[in-house]
Structures are given as structure tokens and as C-alpha cells.
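Report on one structure; see the data block that follows.
The values are calculated or read from the model by the stated rules, or taken from the named source; none is laboratory data. Computed from a predicted model, the values in this text were never measured in an experiment. Here the Cβ is made from the backbone with ideal geometry for all residues, glycine too, and neighbour counts use every protein chain on show.
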Amino acid sequence: MLADKARLYLETSVLSYMVARPSRDLVVTAHQEITQEWWEQREPRFEVFVSDLVHLEAARGDHEAAGKRLEIIKPFAVLESVAETRALAAVYLKDIPLPTMAGADALHLALAAWHEMDFLLTWNCRHIANGVVRRRLAEINQHRGILSPTICTPEELLYGFENME
């Protein structure tokens with residue numbers, strides 16, 4: 001049995017899959033279904049955090065969808081972007097390297113690392129849940145004495161709890 005709940009940073013892409021209209025794209029549909037299954041079965045096993053950045057991103061776009069995204073994150077504690085997280089994000093942008101347009105993604109990584117999250121949950125496989133990013137992030141953080149969160153998708157955190165209860 002897990003003594004304490006693991007700390008999980010919930011990145012905005014998961015919220016988008018959670019509330020989006022059903023897709024005709026089979027991969028997107030699968031991600032939507034996996035996200036809903038994770039939310040129902042596994043979310044209660046974690047101490048979930050979001051950030052001020054997640055709130056900003058969740059509020060964008062279609063008014064109805066934004067309202068749904070903001071509603072489902074109401075219960076979660078909010079991590080603030082502070083000078084240290086912004087500085088760390090700048091290091092990630094430069095040293096991972098990430099494209100300049102991925103500044104928000106670098107900040108998600110920094111927020112999760114700086115606030116000592118056990119997991120960062122995302123569907124963003126281009127700039128966050130990416131093998132190259134994971135490896136370089138671990139190297140940078142180890143050099144700086146920062147623990148890296150385990151970065152994963154809802155699918156990766158859906159299974160494997162059977163022997164932990």
C-alpha cells in the first residue's frame with residue numbers, strides 16, 4: 001500500500017482531452033477514453049497540483065470548453081510561477097533544447113521540478129513527454145541538484161497499481 005499519495009502536476013493537455021468533444025480521429029479518441037479512465041480510476045490516488053499557467057491555458061479557446069476545464073481543476077492546489085521557476089524554464093529552453101515557441105512547456109517542466117512533484121502528467125509528447133526531453137531534463141536537474149518528476153501520459157499511469165494497494 002502507498003503510505004502517502006504521490007504528488008502529481010497536471011499539465012493542460014490532459015484537461016483538453018478530458019473535456020473535448022468526441023473526435024473522429026482514432027488516436028485522439030483513444031487518448032480521450034484513456035484520459036477519462038485515468039481520471040475515474042487513478043486520479044484519486046494522487047495529490048494533484050496545477051499551476052497559474054495551467055489556469056491561464058485552460059481559460060483560453062472555446063468559452064464552453066474553457067469553463068469545463070476550469071471547473072474540473074477547481075479542487076487542486078495551485079503552484080505559482082516564481083522567479084526561480086521562470087529562470088529554470090529559461091535554462092530548459094536553452095539546454096534541452098526546446099524551440100522558443102515551447103516556453104510554456106519549459107515552464108510546466110520547471111514548475112513540476114522546482115515544486116518537487118513525483119509525476120508530471122501530460123499528453124504533450126512533442127515538448128514534454130518525449131524521450132529526448134526526459135533524458136536531457138534529468139541530466140540538467142541532476143547537475144543542479146534538483147529531482148526530476150517522472151513525466152508520463154495518462155496511459156502510462158493507468159496500469160501497475162494492482163500490487164501497490
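Out of everything in the range 1-59 that is of a type in the set (Val, Ile, Thr) and part of a strand (DSSP E or B), what residue ends up being surrounded by the fewest Cβ atoms within 10 Å (Cβ to Cβ)? Here the answer is VAL48. When you scan the range 95-107, do you find a residue that is at pLDDT below 95, in contact with a Phe, Trp or Tyr (Cβ under 8 Å, 6 or more places away or on another chain) and either closer than 26 Å to SER148 by Cα or part of a helix (DSSP H, G or I) (or both), even just one? Yes, because at least one residue in the range 95-107 is at pLDDT below 95, in contact with a Phe, Trp or Tyr (Cβ under 8 Å, 6 or more places away or on another chain) and either closer than 26 Å to SER148 by Cα or part of a helix (DSSP H, G or I) (or both). Among the residues of the range 60-81, the ones that are under 22 Å from ASP4 (Cβ atoms), aliphatic (A, V, I, L, M) and surrounded by 15 or more Cβ atoms within 10 Å (Cβ to Cβ) come to 2 in all.
Just one residue in the set THR150, THR85, THR100 is among the polar types (S, T, N, Q) and under 24 Å from ASP4 (Cα atoms); that residue is THR150. Selection of the range 41-76 for residues being closer than 18 Å to PHE119 by Cα and acidic (Asp, Glu) yields GLU43, GLU47, ASP52.
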